[in-house]
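No value in this document is a laboratory result; all are computed from the given coordinates. Everything quoted here is computed from the prediction, not taken from an experiment. Virtual Cβ from ideal backbone geometry, glycine too; neighbours counted across all protein chains shown.
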Ligand code: ADP
């Protein structure tokens, strides 16, 4: 290297000297020895000049290579962060849309089955689970009942509801004890699950989300995978989504529980009415005959009903003696009707028995000829017991009606507020509905701000418009008292309370209920309901109703806040995305220009370096050869990158692709031969198994690029001693190209991203494998252009198989 300039100079000088000697000899004018000096000088100068030029070309090439590698690294980073933002944005937006959809659907559900249907369609879209289920726990927390199940791959036995003892099932026990989401990654190997059940069901991943409404645990929301669906664990940012989803489901579950309770009540009522009818119908019939009001005939049942000692004590008595004063008027009027020959309907009357007890009877009266005379036939049933039952029924009915009305009202409130996700609308709904529910004259909702130190009345009903009596310092007033103690305050006269505020007294506030608005164990604020009319108080039932609204409101506000946070995140992401989209546009433009601009100089540089490598400018020393080979390799990989970029920009611009009939067999063999040396150097065995297949319509140069990328990946990601197998075969209407390696493999998480532009599983600065992350995205585009399909199977540390299916003509 050090004396290289001399070699160039000697060569050049010799050439010039030789030409000059020849020319001088030819003209036979060799006058002076100075004549030789000029060509020698020119020779030296040319030699030095040539040597300098070669050094410059080398330096320039090196500089361009480094510069381009750096630019590509920066672009890679940008593209990856763009893809991350896009992914995060789409995910958040998907979560929001899903929660909105779910909350709309859940407003109309009446059964657990409808809940699970709404749920499964969402978890399938968002988390990819095809099965979901619902466990509800009993009040004592002893038994968990699988209420409903929806999914694929599940044994039919599971479609029926069943119950389990919680204490006998460690996994259920843990899920219920935990207030967070419990995930079993693989049920087959997790010691918490029951191996027998798991084997029977074929469960793989199980996710249990607690279903809580306020402090009440309703059960568990489950979802997961079965059998060959494999393992699927939720990502950390999907856990928030799942918790919010569970809140919505909890409200819906409570609604269905209420509906079930109502059905139960209605059933009890119906049964009780049925029993009443049965009792009346099966009561023994007493038969009496009166002649001129005197009893002339009585059967043994009549003797028994009236508790007569014997028939004799009964006969001859006037039946009017037995009639209770309550029924006397009725009986008299029926007597007259009967005398007038009218037809009588059966009636209920009250009689007094021989033993003095009052008894209810049902009587059918009609005229009869008895022993040749006109008499009256009375058929009597004792309905005393049935009457007691009827009264009980009525009481029950009234109670049920009242209970149902209250629950229905509360449920309606829960439905409305759980369906409102925007905080201002939600808060004002809460205040208005609660005010109506307890018939309060005024209402307000005060919420604690983020600092937890200040309380603001933002939403109110029937209070002066300038009422912002507002940000109260912590601890002052009954609202703060409610929040700090987490207890409702119920006052008949506000002004007598030690914490009463002058402005409220001035407004004439009298009866007050201050209700904590709670979610889980945190108090978010207070709901104030008040009357100004003197003597208009709130009942204990009003208090219970208001407390219930307070709890529902807490959950709904918590959900609305989560929704708002998510919404803000989506908006921020949308902004970033817009910026990054612009960057992406610039970057695509830059890439197109760069790849275009680089093609020619690169081709020239490669041409020169190939010439030098072929010793065209003199035999190279071993040292020089090594350097030239390095430069050649770098230039080759650069030109590879540029070729990939050019093809990608071709796709971006949607330029038409020329098709011809391609001989894939030849192509595969040619590319494989190119790679044999590389494989040998990496101590890998590269085998090809190529059958006879017809010509395939396609673009040979693109297909070559596709193969080149897949093979170079297979070799790059396989350690020495490994194997790479290329197979080409016909399969119905397809030609299948399979490239299988025994390399490092790809994890499921990476699998989702390998076809993204610039994605590399290891993109750290210290990464082990070279590359740009463009290869597979290009492969995907090429396969797409050919109307084909790409499939990947991979197992970490075992290897990967890429399968390309290309359609035949
Ligand atoms: P590059 O190979 O330039 O990094 P590609 O787009 O070709 O980019 O591949 C993207 C990523 O996919 C690689 O970085 C690697 O993590 C992974 N990958 C591709 N092929 C294989 C393979 N045969 N074995 C293991 N990982 C692979």
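Share of antiparallel DSSP beta bridges in the chain, in percent to the nearest 5?
In the chain, DSSP labels about 95 percent of beta bridges as antiparallel.
Specify, per residue and in Å³, the volume enclosed by the convex hull of the alpha carbon atoms belonging to the stretch 651-803.
Working: hull volume 17.5 nm³, N = 153.
Enclosed volume per residue, from the Cα hull, is 114 Å³.
Any chance you could list the semi-axes, whole Å, largest first, of the equivalent ellipsoid that the Cα gyration tensor gives for the stretch 157-285, using √(5λ)?
41, 20, 12
For a footprinting-style exposure proxy, rank 692, 565 by other Cβ within 10 Å, fewest first.
Taking fewest neighbouring Cβ atoms as first place, the list is 692, 565.
From largest to smallest, what semi-axes in whole angstrom does the stretch 220-332 give when each is the square root of 5 times an eigenvalue of its alpha carbon gyration tensor?
On the way: eigenvalues 1048, 55, 15 Å².
The equivalent ellipsoid of the stretch 220-332 has semi-axes of 72, 17, 9 Å.
Show that you can apply the helix-only estimate: for the chain, add -39,500 (n - 2.57) for every DSSP H stretch of four or more residues, divide by all residues, and state [θ] at 222 nm to the nearest 500.
It comes out at -18000 deg cm²/dmol, rounded to the nearest 500.
Considering all alpha-carbon pairs of the stretch 258-318, what whole percent are spaced by more than 17 angstrom?
Summing the P(r) tail past 17 Å for the stretch 258-318 gives 57 percent.
With 20 Å bins from zero, work out the P(r) of the chain over every alpha carbon pair and list the percent per bin.
11, 24, 23, 19, 10, 7, 3, 1, 1, 0
Using the count of nearby Cβ atoms within 10 Å as a rough guide to exposure, how do 585, 415, 353 rank from fewest to most?
Fewest-to-most Cβ neighbours within 10 Å comes out as 585, 353, 415.
For the stretch 540-614, what does the convex hull of the Cα positions come to per residue, in cubic angstrom?
Per residue, the Cα convex hull of the stretch 540-614 comes to 95 Å³.
Going by how many other beta carbons lie within 10 Å of each one, how would you line up 233, 724, fewest first?
Working: 233 16, 724 26.
Result, fewest neighbours first: 233, 724.
On a full-extension model of 0.36 nm per residue, what is the gain between residue 321 and residue 282, subtracting their alpha-carbon distance, rounded to one decimal in nm?
Full extension from residue 321 to residue 282 adds 11.3 nm.
What is the distance, in nm, between label points placed 7 Å from the Cα along the Cα-to-Cβ direction at residue 581 and at residue 450?
Placing both labels 7 Å along Cα→Cβ, they lie 2.8 nm apart.
To the nearest µm²/s, what D does Stokes-Einstein give for the stretch 323-470 at 4 °C and 1.567 mPa s, using the Kirkwood radius over alpha carbon pairs as Rh? Show your work: numbers first, answer last.
Working: Rh = 21.7 Å.
For these conditions, the coefficient is 60 µm²/s.
Which whole-percent values make up P(r) of the stretch 337-398 when all C-alpha to C-alpha distances are grouped in 5 Å steps starting at zero?
Pair shares across the bins are 4, 15, 18, 18, 16, 14, 8, 4, 2, 1, 0.
Can you work out the base-10 log of I(q)/I(0) for the stretch 313-356 at q = 0.15, 0.27, 0.34 1/Å, using the Debye formula on its C-alpha atoms alone?
-0.43, -1.04, -1.19
Taking only the alpha carbons of the stretch 507-550, what extent do you get along each of the three principal axes, in Å, biggest first?
Rounded to whole Å, the extents work out to 36, 23, 10 Å.
Work out Dmax and Rg for the stretch 86-127 from the C-alpha atoms and quote the Rg first, both in angstrom.
Rg then Dmax for the stretch 86-127, in Å: 11.5, 38.
Using only C-alpha atoms and all pairs of different ones, pull out the Kirkwood radius for the stretch 603-689 in Å with one decimal.
Details: mean 1/r = 0.0619 Å⁻¹.
For the stretch 603-689, the Kirkwood estimate is 16.2 Å.
Report P(r) for the stretch 379-427: all Cα-Cα distances, bin width 5 Å, range 0 to the bin holding the largest distance, values in whole percent.
Per 5 Å bin, starting at zero, the Cα-Cα P(r) for the stretch 379-427 comes out as 5, 17, 12, 11, 10, 9, 8, 7, 6, 5, 4, 2, 2, 1 percent.
Where does each of 613-623, 115-125 land if you order them by average Cβ count within 10 Å, highest first?
With the highest mean Cβ count within 10 Å placed first, the list reads 115-125, 613-623.
Give me the one-decimal nm value for the distance between modelled label points at residue 269 and residue 752, 7 Å along each residue's Cα-to-Cβ direction.
Going by the 7 Å Cα→Cβ label model, 5.1 nm.
For the stretch 555-674, what D do you get in µm² per second when you plug the Kirkwood radius from alpha-carbon pairs into Stokes-Einstein at 4 °C and 1.567 mPa s?
67 µm²/s
For the stretch 291-339, how big is the tail of P(r) above 18 Å, as a whole percent of Cα pairs?
Value for the stretch 291-339 (Cα pairs over 18 Å): 36 percent.
For the stretch 450-572, report the convex hull volume of the alpha-carbon atoms normalised per residue, in Å³, without decimals.
Convex hull of Cα atoms, per residue: 121 Å³.
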